[in-house]
Structure formats: structure tokens, C-alpha cells
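The values are calculated or read from the model by the stated rules, or taken from the named source; none is laboratory data. Everything quoted here is computed from the prediction, not taken from an experiment. Quick reminder, even Gly has a Cβ in these numbers, built from the backbone with ideal geometry, and neighbours come from all protein chains shown. Keep in mind that these areas ignore ligands, DNA and RNA; they rest on the heavy atoms of the full protein, side chains included. Shrake-Rupley method; radii C 1.70, N 1.55, O 1.52, S 1.80 Å.
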Amino acid sequence: MTMPPTDKPPTAAMLVIGDEILSGRTKDRNAGHLAERLDPVGIALREIRVVPDETARIVDAVNALRRSYTYVFTSGGIGPTHDDITAAAIAEAVGQPLIEDDRAIAILEEYYHERNLPFTAARRRMTRMPEGSSLIQNRVSAAPGFVALNIYVMAGIPSVFSAMLDAVLPTLQLSEPLKIETVATGLGEGVFGEALAEIAERYPSMSIGSYPRHDGTHYTAEIVIRGIDAGAVADARADIIAMLDELVGEN
């Protein structure tokens, strides 16, 4: 069930778990995908952390993030091997025993039976989660993620993470969807940076960011305005365009 909109925009953090991310052997794609999916529904992704496969580091990060943000999303470390320790770490963080969930066992027993594959002890590890967790559906490979408190624990494989996120998003508390406007400019940030900062100060309820580009010869930028109030977003956009037009005239 989708939770109703709220006047206070919900916030989120992402915790990417895995030695392979920190070593560079695997390139994370899930954090960017999460940001792209949350922004249009008015959930602001405020922080991204990456931690190794170490229980204490995971526990510390989860506890810090869950107390600061409406939602915490994790990726990685819920597979069938000995170094997949995320479930146990989350159980420790929320103070619940780690169990093999009967619902998850039933899902995986059926999945492997239909494929004439053994439901091995290693595969059974993917049913572990803190007692009292809710399941996150996985339409790709069946093994569910889980929700403990405000922590959404999902797989690291991008296709599976995306499928789990599809299942999760309709259940989240949403603010009014963000209004997003983009202004492209041929000016570099060094030209308009101070003037843009002054405009941002006039609109403290909005996020105004600059994203530089370089084509090998020239610097350009896109200025992105995000806010709940469509009128204020439009006003900020008009101010930014006027500022840029004035700077173009001077340069």
C-alpha cells in the first residue's frame, strides 16, 4: 500500500556494500539508478556511502543513516556465499535475531524445484534476515530482499536491484513530486558561479545545482532547479535565465 503524501519531503540514503566496489573490480550502478528513480517522486537522496564486507562497518553505517533519513537503501551482500554478511549485519544493527524466513524458504524451494535444481545450504543462506522483516519481491531470480525498520536491503546485481526497487517504490511515503527545470548555458561555472549562489540564497527551499560539461575545447554547464512549489521553480528559472543573459552580454 502506498503511503500518502506528506508536507515534509522524505529523505533517503544509500549504503553500497562490498569489497569489490572499493577495489574497483565492480563498478556501482545502483546508486545512480536509485537517485534517478527517487527524484521524480519527491524523495531526496541525500547521502551515499560505500563500505567493505565488514560487519562492524556495516552496522555503524546503517545505524547512523537510519536515524538521519526517512529511508535507507542498501545494495550487495545478500547472496549465497560466506562473505555475504549483510543480512547478519542488519540484524545486529536493528537488534533482532537472524532467522531463516519461512516465506523466503517457500519461495526458493518452489523456484529451484521448478528448475530441477537442488536447494542447497548455500542457496538457503539467501532466506536469512532479521526476525520480523517484510519481504521485497524479486521477479528476476526469486530470492527476496527484505525491509527491517526503515532499511530496504536489496541485491547488488543491477537487474535484481532494479526489480526490487520496482516492488518497493509503490509502498513508500511520497511528497508532492518534485518540479524539475533545466537551463543550459554555454558559459563556464567560473563565469556565473557567484551570481548563481546569490540566486540560490533567495530560494532556500529549493535545490539549485550546476553540472559542468567539457567538449574538449569549451566548458559549458547545465543548471538544474528542483523544488516542490512549481511557481517558485518557475521564478528561479526566470531569474537564472536573466542572470545568464546579462553575463552573456558582458562577455
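Odds and ends about this structure:
- For region 86-100, the criterion of being assigned to a strand (DSSP E or B), among the acidic types (D, E) and within 27 Å of S141 (Cα to Cα) is met by at least one residue.
- When restricted to residues that are in contact with a strand residue (DSSP E or B) (Cβ under 9 Å, 6 or more places away or on another chain), open to solvent by less than 40 Å² (accessible area, probe 1.4 Å) and of a type in the set (A, V, I, L, M), region 46-59 contains 2.
- Extreme residue, nearest to the chain's Cα centre (by Cα), among residues of region 222-247 that are of a type in the set (G, A, S) and either part of a strand (DSSP E or B) or at pLDDT below 90 (or both): G227
- Region 114-177 holds strands (runs of 3 or more DSSP E) entirely within its bounds, and those carrying 2 or more residues that are open to solvent by 30 Å² or more (accessible area, probe 1.4 Å) map to 134-136.
- Residue match in region 60-75 (condition: in contact (Cβ under 8 Å) with a residue 40 or more places away in the chain, open to solvent by 70 Å² or more (accessible area, probe 1.4 Å) and touching a helix residue (DSSP H, G or I) at 6+ places or on another chain (Cβ under 8 Å)): no
- Scan of region 197-238 for residues that are surrounded by 14 or more Cβ atoms within 10 Å (Cβ to Cβ) and among the hydroxyl-bearing types (S, T, Y), ordered by number: Y203, S207, S210, Y219, T220
- Scanning region 95-106 for residues that are surrounded by fewer than 19 Cβ atoms within 10 Å (Cβ to Cβ) and not small (G, A, S) returns Q96, P97, L98, I99, E100, D102, R103, I105.
- Each residue in region 76-90 was checked for being closer than 10 Å to G18 by Cβ and either among the basic types (K, R) or open to solvent by less than 10 Å² (accessible area, probe 1.4 Å) (or both), and 2 of them qualify.
- In region 20-41, the residues that are open to solvent by less than 60 Å² (accessible area, probe 1.4 Å) form Cβ pairs under 9 Å with partners that are in a loop (DSSP other than H, G, I, E, B) and among the charged types (D, E, K, R), at six or more places apart or across chains, as follows: I21/K27; I21/D28.
- Among the residues making up region 10-68, those that are closer than 26 Å to A91 by Cβ, touching a Lys or Arg at 6+ places or on another chain (Cβ under 9 Å) and assigned to a helix (DSSP H, G or I) are D19, I21, A61, A64, L65.
- The criterion of being on the phi < 0 side of the Ramachandran plot, without any contact (Cβ under 8 Å) to a residue 60 or more places away in the chain and surrounded by 14 or more Cβ atoms within 10 Å (Cβ to Cβ) does not hold for L15.
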